[in-house]
1. Distances over 23 Å make up what percent of all Cα-Cα pairs in the stretch 1-142?
2. Checking the table Lys23/Lys170; Lys23/Lys215; Lys40/Lys146; Lys187/Lys215 against a 22 Å threshold on Cα-Cα, which pairs fail?
3. How about Lys131: which aspartates and glutamates have a C-alpha closer than 13 Å to its C-alpha, ignoring those fewer than 8 places off in the same chain?
4. What 222 nm value per residue comes from the helices of the chain, counting each DSSP H run with n ≥ 4 as -39,500 (n - 2.57) and dividing by all residues, nearest 500 deg cm²/dmol?
5. Would you mind telling me the share, in percent, of accessible area of the chain contributed by carbon and sulfur at probe 1.4 angstrom?
6. Mind telling me which of Asp112, Asp84, Asp151 comes out most flexible in a GNM of the chain, alpha-carbon contacts under 10 Å?
7. Using bins 10 angstrom wide from zero, how does P(r) for the stretch 73-215 break down, in % of all Cα pairs?
8. Write down the percent of antiparallel bridges among all DSSP beta bridges whose residues are both part of the chain, to the nearest 5.
Amino acid sequence: MKIIMLGAPGAGKGTYAKEITQKYSIPAISTGDILRENVKNGTELGKKAKGFMDAGALVPDELVCDIVVDRLQKDDCKNGYILDGFPRTIPQAEELKKALENQGAAIDFAIDIEMPDEAIIERMSGRRVCKGCGATYHVVNIPPKKEGICDECGSEIILRADDAPETVKKRLGVYHEETAPLIEYYKKEGILHEIDGTLGLEGCINAICDVLESK
Ligand code: ADP
Ligand code: ZN
């Protein structure tokens, strides 16, 4: 089962990807998480990516495609995977298709989480992330048990630099321009499934599971 999650930043892709991981025992691969990890560790990739990320811009395709293609070779991807935050441009989608075709494989589902911009902006202003393990929270919707402290690892919970309101607007613009065309792309490929992102956590997960069990 090979799955792509599409949707604006903050639509909930990462949260749903993690739920699906548990239910179907396939890994969730988040390019955002991989990039942030590299920034934190000061790797070459991290140094190249940081400026783009902080500005709310996309990291260049070549950098991202290589990481993903490498990651998909790993053993745990044998039974499938769920890609969260990749592809994000048409060239990335083409690159992924080519890499899979070389292995005689293809993506099974492209799941688009639809959410109006106003709802995204409201949601992202409350989003918080753990400095230690990257777990995500929301001040209203998914608060940690103890204010400001991660349930998973006890580290401090902070506002991600690129979740600042001005940067969120920039990222939404980038989304509409560069990533939203993927909706048409996967519709043409015949694997697009649209989910109403305003259904709430449980509603969305149920809708996604219905899709995954339809094949
Ligand atoms: P969100 O889905 O909330 O926007 P992510 O964690 O997926 O957040 O991504 C954070 C940042 O990482 C993006 O704004 C972008 O700079 C970079 N990034 C992540 N995935 C990609 C990708 N596939 N292509 C280019 N840049 C990416
Ligand atoms: Zn943590």
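The values are calculated or read from the model by the stated rules, or taken from the named source; none is laboratory data. Quantities reported herein were computed from a predicted structural model and do not represent experimental measurements. Heavy atoms of the whole protein, side chains included, go into the accessibility calculation; ligands, DNA and RNA do not. Shrake-Rupley method; radii C 1.70, N 1.55, O 1.52, S 1.80 Å.
1. Values: 3607 of 10011 pairs.
Tail of the P(r) past 23 Å holds 36 percent of the pairs.
2. Numbers: Lys23/Lys170 34 Å; Lys23/Lys215 16 Å; Lys40/Lys146 25 Å; Lys187/Lys215 16 Å.
From Lys23/Lys170; Lys23/Lys215; Lys40/Lys146; Lys187/Lys215, over 22 Å: Lys23/Lys170; Lys40/Lys146.
3. Filter leaves Asp33, Glu37, Asp151, Glu152, Glu156.
4. One gets -14000 deg cm²/dmol as the mean residue ellipticity at 222 nm.
5. Solvent-exposed carbon and sulfur of the chain make up 51 percent of the total.
6. Comparing Asp112, Asp84, Asp151 in a Gaussian network model of the chain, the most mobile one is Asp151.
7. Once binned at 10 Å, the Cα pair distances of the stretch 73-215 give 10, 31, 36, 21, 2.
8. Values: 8 of 25 bridges.
Taking every DSSP beta bridge with both residues in the chain, the antiparallel ones total about 30 percent.
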